[in-house]
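S.K.: Please find one structure pasted underneath; my questions will follow.
Every read-out reported here was derived from the displayed coordinates using simple, explicitly stated rules and does not represent laboratory data. Since the structure is predicted, the reported quantities are computational estimates derived from the model, not experimental observations. We place every Cβ from the backbone using ideal geometry, glycine too, and count neighbours over all the protein chains shown.
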Amino acid sequence: MVRVRSATQHTLNSTPSALQPANTEAFEKATYAKVTWRLLPFLLLCYVAAYLDRVNVGFAKLEMSADLGFSDAVYGLGAGIFFIGYFLFEVPSNLIMHKVGARLWIARIMLTWGCLSAATAFVTTPEMFYAVRFALGVAEAGFFPGVLLYLTYWFPAQRRGGMTALFMTAIPLTGVLGGPLSGWILQAFGGTDGLAGWQWLFVLQAAPSIVAAVATLVFLDTGIASARWLSPAEKALLQHNIEAEQRTKPAHSLREVFMSPSVWLMSAIYFSFVMGLYGIGFWLPTIIRATGVTHPLDIGWLTAIPYGVAGLVMLAVSASSDRRSERRWHVAIPAALGGLGLLLSTLFADNTILSMAAMTLATAGIISALPLFWSLPTALLGGAAAAAGLAMINSIGNLAGFVSPYVVGMVSAATHDTRMGMAILAMSMFIGAALTLSVKPGSARVHSG
């Protein structure tokens with residue numbers, strides 16, 4: 001290990017000509033392809049496990065609320081209180097990861113959230129539901145911004161839009177796979193060994209997180225220097241590009257990050273988008289059931305449609321954004337279309353086909369905006385400032401994960417209808433799109449450095 005690091009360091013300290021002829025366009029393309037295939041599939045699977053554990057409560061609601069006597073307001077508060085714990089511990093979590101390394105910290109995050117997700121199967125009262133959901137948020141805090149930070153260790157800004165989009169295909173992929181899987185578990189395992197279907201849902205869907213935690217310790221590298229699967233020339237190229245980008249970013253203290261108007265603007269934009277995201281994640285099964293579909297497996301298959309379309313649209317929009325080196329409009333337009341889809345869903349609440357079409361538009365718009373949004377703050381921040389800034393944006397934004405289900409739950413409980421709640425979420429998406437266009441154009445373009 002020492003010998004490899006020494007060789008790498010010698011190459012890094014060499015003049016640029018020392019990298020020739022390896023430092024060619026073809027060599028650079030091959031090196032980044034190698035890094036992408038090594039890291040992105042594994043990180044994507046980890047995020048699938050994370051998102052599955054986060055939104056399976058939406059399917060569990062189909063049976064859990066009736067079994068435990070939970071109202072929509074109780075369910076909405078329990079689903080959302082996850083994000084209070086997430087908010088409180090996310091910045092400290094990301095700063096710890098920046099110090100101790102991604103491999104150990106991401107493994108710790110996944111192990112603890114897997115265990116707590118399984119424990120949700122055994123709640124019996126609203127207070128227990130609130131407590132385990134809060135603890136789950138504490139456990140998962142730092143995973144998503146930690147991975148975004150981790151990607152900045154490997155990829156410069158002009159490549160991160162595509163990489164973030166690939167990573168975030170986990171969201172639609174979870175919808176495509178998780179919906180039918182959740183419906184099948186509810187149907188097939190109900191009553192097995194004395195546990196209800198919703199209890200088996202939490203137990204079985206926690207297992208991938210625990211397995212992935214162990215795999216992370218074996219598979220994931222802390223950074224470029226520790227990657228034994230890279231040659232010295234490949235390490236030198238990657239490190240050179242990262243260092244060149246870092247030199248273009250002004251130094252920020254942690255105080256400057258927390259006081260930065262740009263960081264607060266990014267937080268407000270992300271808050272608006274997360275309102276819509278979790279409106280879909282937590283309530284889509286309930287909305288489908290309200291159109292007259294009652295069979296859990298049928299509901300599961302129908303939830304796969306919006307997410308499947310969204311995954312394809314997200315990749316197309318991200319490719320267009322990278323090709324044009326433009327971010328703002330590629331974020332704002334999908335976000336506005338997402339809001340339009342949510343608004344249309346309120347008009348077709350009694351028609352399964354039209355409601356599904358509206359929710360597909362909403363899901364595609366919201367999910368397409370999210371990965372490109374993260375290209376904005378990661379292009380502005382570096383080092384410890386990036387660790388704190390990304391965590392701050394994500395934690396504040398994810399407070400919407402508390403507000404969204406709570407507001408929809410309260411409105412639904414009062415009106416016995418989810419349509420007003422969806423209209424509120426649609427307005428949030430429109431506000432987020434408008435705020436995105438207020439970002440300075442220079443902050444929303446990708447420069448090669």
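S.K.: Using a Förster distance of 35 angstrom, determine the FRET efficiency expected from the C-beta separation of residue 100 and residue 45, and round it to 0.05.
M.R.: 0.95
S.K.: Residue 259 to residue 228: extension gain in nm, 0.36 nm per residue of separation minus the Cα-Cα distance?
M.R.: In short, 7.2 nm is gained.
S.K.: Evaluated at 20 °C with a viscosity of 1.002 mPa s, what Stokes-Einstein diffusion coefficient in µm²/s does the chain have when Rh comes from the Kirkwood expression over alpha-carbon pairs?
M.R.: In µm²/s, the coefficient is 96.
S.K.: In deg cm²/dmol and to the nearest 500, what is the mean residue ellipticity at 222 nm of the chain if only DSSP H runs of at least 4 residues count, each as -39500 (n - 2.57), divided by the residue total?
M.R.: -27000 deg cm²/dmol
S.K.: Can I ask one more? State the three equivalent ellipsoid semi-axes of segment 201-346, derived from the C-alpha gyration tensor as the square roots of 5 times its eigenvalues, in descending order and whole Å.
M.R.: 37, 25, 17
S.K.: Then there is this: Just how many % of Cα pairs in segment 57-106 lie over 15 Å apart, if you round to the nearest whole percent?
M.R.: When all Cα pairs of segment 57-106 are counted, 59 percent exceed 15 Å.
S.K.: With springs connecting C-alpha atoms under 10 Å apart, model the chain as a Gaussian network and identify which of 423, 225, 358 has the largest mean-square fluctuation.
M.R.: 225
S.K.: Let me ask another. Between segment 268-306 and segment 122-179, what is the separation of their alpha carbon centroids in Å?
M.R.: 18
S.K.: Turning to a different aspect of this structure: Take each uninterrupted DSSP H stretch in the chain, measure its Cα extent along the helix axis, and return the ones at 20 Å or beyond whose mean Kyte-Doolittle hydropathy is at least 1.6.
M.R.: Those that pass (Cα extent of 20 Å or more, hydropathy at least 1.6) are 352-373, 419-437.
S.K.: Report the full-extension gain for the segment residue 427 to residue 193: residue separation times 0.36 nm, less the Cα-Cα distance, to one decimal in nm.
M.R.: Result for the pair: 79.7 nm of gain on full extension.
S.K.: Expressed in nm to one decimal, what extension gain is obtained for the pair residue 36 and residue 410 from 0.36 nm per residue of sequence separation less their Cα-Cα distance?
M.R.: My answer for the length gained is 130.3 nm.
S.K.: Nearest 20 debye, what's the magnitude of the dipole of the chain about its Cα centre given +1 on Lys and Arg Cβ and -1 on Asp and Glu Cβ?
M.R.: Taking the Cα centre of the chain as origin, the dipole is about 1420 debye.
S.K.: Across segment 33-444, how many lysine pairs, 8 or more positions apart or on different chains, have C-alpha atoms separated by under 30 Å? Please give the number.
M.R.: For segment 33-444, the number of qualifying lysine pairs is 7.
S.K.: How many angstrom lie between the Cα centre of segment 22-101 and the Cα centre of segment 320-372?
M.R.: 21
S.K.: With N residues in segment 326-377, what two-decimal value do you get for its Cα radius of gyration over 2.2 N^0.38 Å?
M.R.: Dividing the Cα Rg of segment 326-377 by 2.2 N^0.38 Å gives 1.25.
S.K.: Label points 7 Å out from Cα along the Cβ direction at residue 131 and residue 29: separation in nm?
M.R.: 5.8
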